[in-house]
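The values are calculated or read from the model by the stated rules, or taken from the named source; none is laboratory data. No experiment lies behind these values; they were computed from the predicted model shown. Ideal geometry is used to build each Cβ from the backbone, glycine not excepted, and the neighbour counts take in all protein chains shown. Each accessible area value is taken on the protein alone, full model and side chains, heavy atoms only, with ligands, DNA and RNA left out. Shrake-Rupley method; radii C 1.70, N 1.55, O 1.52, S 1.80 Å.
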Amino acid sequence: MKKTLSIILAALMLFSLSTVAFAANYDQVFDSGVMGIEDYRIPALYTLNDGSVIAAADMRYDHGSDSPNNIDSLVAISKDGYTGWDYKVINHFADYADGVTDAASASFIDMAVAQSSTGRIFVVVDAQPANCGYLQCKQGTGYAVINGKNRKLLTTGDNTNLKGFAYYIGDFKDGLAPIKNRSDDVETGYFVDAEFNLYKGNAKLMTEQKGNKDASVQVQDNVFFADAPFRCFMTTYLWMRYSDNNGASWSEPVILTDDVKNNSEFFLGICPGKGYVLPLEKDENGNVTKERILFAVYDNGIVGLNTFENVSTIYSDDNGVTWKRGAETVCGFQVGKTSESQIVELNDGVLRMFSRNNG
């Protein structure tokens, strides 16, 4: 196959959460060898409003395993008919060196893509703390209402039991948010940025990158990492980014979990692939004036109580500013489960959802 790099990547090691980009021509957008990655899984493909195409996939380095493991997110955009691609790593945890397979790594897995009529592209992915995957998710959201606001909780101890979460993330100011005590709202002297990287005062809190042959390599600590001084709850987080310039740059992450997950649920994850944009209102010229952005999600109910993976939807009617969740679809016939689902529109305007099952 033709594999001619138009720009050679100077280094494949990614030591921060910064977006890394390069352009290349490949016969296959996620062919083995793109960015030095042997294994890609769970691709998504979406035609954008201007006719270009966005593709997204899990960077699984040299393994095909699900989380928990070392997995990051790669997107690519083609403007010339699926040959030339502009690549960007949009989600990256640096706790483990790229290419190191280890279940203790924080990870991003499964992406879904949609674009509104305004041109805003949405990508939603499951963000997993270290040691966390589908089977390791604990019951709850990892958030609590404190002083009238939903706050992301943190702990310095066991992150599998919400009873020990004595800290929370406060309001952002000048790019940083303080970590506060739940008991008295007093600041700890530690902060996080929008990517949940840790700071002590204004200084980045650094840690040794695991799995790196060079033991001197330091990366910034993060609440999703296993040995961080403050850690988030052990569950899956629906992590969204958006782009208003056709993927040239991406927003800071927005976690949707606290708005759409029930405290009784363990796993709640995105159904990878495509989202769907449903026009709700049009003006006299046929221009869309109101629309609904839809993504399918699925949960695994109460583990061990003979429940199954059930699909529902999350949706936004204000171009991604706020999100709600639709009713859960629990099938009364022997399909076993309804998960990893995709929405399509039929010729008569009806939306139909196709779901994975084991029946």
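Hey, can you tell me all the residues within the range 316-359 that are hydroxyl-bearing (Ser, Thr, Tyr), open to solvent by 60 Å² or more (accessible area, probe 1.4 Å) and over 18 Å from Ile121 (Cα atoms)? Across the range 316-359, the qualifying residue is only Thr329. Of the residues making up the range 226-271, those that are assigned to a loop (DSSP other than H, G, I, E, B), of a type in the set (D, E, K, R) and open to solvent by 20 Å² or more (accessible area, probe 1.4 Å) are Asp227, Asp244, Glu252.
Per the conditions (1) open to solvent by 40 Å² or more (accessible area, probe 1.4 Å); (2) closer than 22 Å to Cys271 by Cα; (3) assigned to a strand (DSSP E or B), the sole criterion not satisfied by Val125 is (1). Can you pull out every residue in the range 99-115 that is outside any strand (DSSP E or B) and either modelled with pLDDT of 95 or more or among the hydroxyl-bearing types (Ser, Thr, Tyr) (or both)? The answer is Thr101, Ser105, Ala106. Within the range 109-122, restricting attention to residues that are touching an Asp or Glu at 6+ places or on another chain (Cβ under 9 Å) and farther than 16 Å from Ser65 by Cα, which residue is surrounded by the most Cβ atoms within 10 Å (Cβ to Cβ)? Among those that are touching an Asp or Glu at 6+ places or on another chain (Cβ under 9 Å) and farther than 16 Å from Ser65 by Cα, it is Ile121.
Looking at the range 29-98, the strands (runs of 3 or more DSSP E) lying wholly inside it that each contain 3 or more residues that are free of Cβ contacts under 8 Å to residues at least 24 places away in the same chain sit at 40-47. Among the residues of the range 166-195, the ones that are assigned to a loop (DSSP other than H, G, I, E, B), over 23 Å from Ser251 (Cα atoms) and touching a residue at least 24 places away in the same chain (Cβ under 8 Å) come to 2 in all.
Taking each residue of the range 246-272 that is in contact (Cβ under 8 Å) with a residue 24 or more places away in the chain and looking for partners that are assigned to a helix (DSSP H, G or I) and open to solvent by less than 10 Å² (accessible area, probe 1.4 Å) with beta-carbon atoms closer than 8 Å, six or more apart or interchain, yields Leu268/Thr257; Leu268/Val260. If you check Ala144 against the conditions, is it touching a strand residue (DSSP E or B) at 6+ places or on another chain (Cβ under 8 Å), over 23 Å from Phe93 (Cβ atoms) and part of a strand (DSSP E or B)? Answer is yes for this residue. Scanning the range 129-173 for residues that are within 30 Å of Ala44 (Cα to Cα) and either open to solvent by 50 Å² or more (accessible area, probe 1.4 Å) or touching a Phe, Trp or Tyr at 6+ places or on another chain (Cβ under 7 Å) (or both) gives Pro129, Ala130, Asn131, Tyr134, Leu135, Gln136, Cys137, Lys138, Gln139, Gly140, Gly142, Lys152.
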